[in-house]
Amino acid sequence: MNRRLDQSGVEIINKGKLPLREGVEAYAKLRQVVEKKGLLKRQYGHYLFLTIFGVGGFLGSWLGVWQLRTWPWVVVWAILLGFFIVQLGGLVHDAGHRSICKSTFWNDVWGYVYAAMAVLSYRQWRDNHNRHHARPNEHGEDPDMGIIFHAFAKKQLPKKGSLMRWLTRYQVVWFYPLRALTFASLRIDAIVYFAKKWSVKLLPEVVVFGLGLVLWFGLPWIILPLFKAIAFVVIANVTAGVYASNIFA
């Protein structure tokens, strides 16, 4: 194992694996350096701006699609709505990382609020993302490696199903058409999560999530003209999926 110290005195491991005790000690030293440099200080003004920008833009775009009557402008505002859905997703991410507030409780409160507006499950996303960071890019351990129709290693290549094999073989071509469905996939994952982890304590989030699905994907087809319903349900979510997939990639 090759070791050296960086300019801050933190040991750098070039290859090999550390025993648990040495790993904990190395992490503690690194954290001390990071804290000393002020890199973990909360930026409340920054997140206040992001919240106003994200929530304000989301509500404004929703209102634009709802009120405007000419389809070109409705499409423009639907695309903007998709953009702001991803901004809310970014805030969900930071709340899950406890980056917004010092208090775990308030990070979770804001996470649930942002997720409710984007019709996501904060609890399910946080659990999956924690698993991702615990074993990043490890097949069978990192849930982000288990994206349907995609393979990131030879062992993930499908052995059965001609359609699956064909889509995986040409995944570079199908990347955007398939990843446009990112937010649909996230919502399906949330439903599966609720079914597997069901308990009474999940009831409030399940109710809010269910209402969000009705408002987002049911009501527009009933009370709006067809082109506006398409804008809400299809254009906004496809835009969000393509945008988010660029970030993920």
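The table that follows gives values for the structure above.
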read-out: Residue match in region 16-27 (condition: surrounded by 12 or more Cβ atoms within 10 Å (Cβ to Cβ), modelled with pLDDT of 85 or more, outside any loop (DSSP other than H, G, I, E, B) and among the basic types (Lys, Arg)); value: no
read-out: Selected residue [farther than 30 Å from TRP71 by Cβ, among the polar types (S, T, N, Q) and open to solvent by less than 80 Å² (accessible area, probe 1.4 Å)] from SER199, SER245, SER162, SER185; value: SER199
read-out: ALA180 vs. criteria open to solvent by less than 20 Å² (accessible area, probe 1.4 Å), out of contact with any Leu (no Cβ under 9 Å at 6 or more places or on another chain) and either more than 21 Å from TYR114 (Cβ to Cβ) or not basic (Lys, Arg) (or both); value: yes
read-out: Qualifying residue in region 82-99 (condition: open to solvent by less than 20 Å² (accessible area, probe 1.4 Å), over 24 Å from ARG179 (Cβ atoms), touching a residue at least 24 places away in the same chain (Cβ under 8 Å) and not in a helix (DSSP H, G or I)); value: no
read-out: Looking only at region 111-152, and only at residues there that are in a loop (DSSP other than H, G, I, E, B) and in contact (Cβ under 8 Å) with a residue 40 or more places away in the chain, the one that is most open to solvent (accessible area, probe 1.4 Å); value: LEU120
read-out: Filter result for LYS159 (over 14 Å from the mean Cα position of the chain (by Cα), over 28 Å from PHE217 (Cβ atoms) and outside any helix (DSSP H, G or I)); value: yes
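The values are calculated or read from the model by the stated rules, or taken from the named source; none is laboratory data. None of the values given here were measured: they were computed from a predicted structure. Note: ideal-geometry Cβ built from the backbone for every residue, glycine included; neighbour counts use all protein chains shown. For the accessible areas, the whole protein counts, side chains as well, though only heavy atoms, and no ligand, DNA or RNA atoms are used. Shrake-Rupley method; radii C 1.70, N 1.55, O 1.52, S 1.80 Å.
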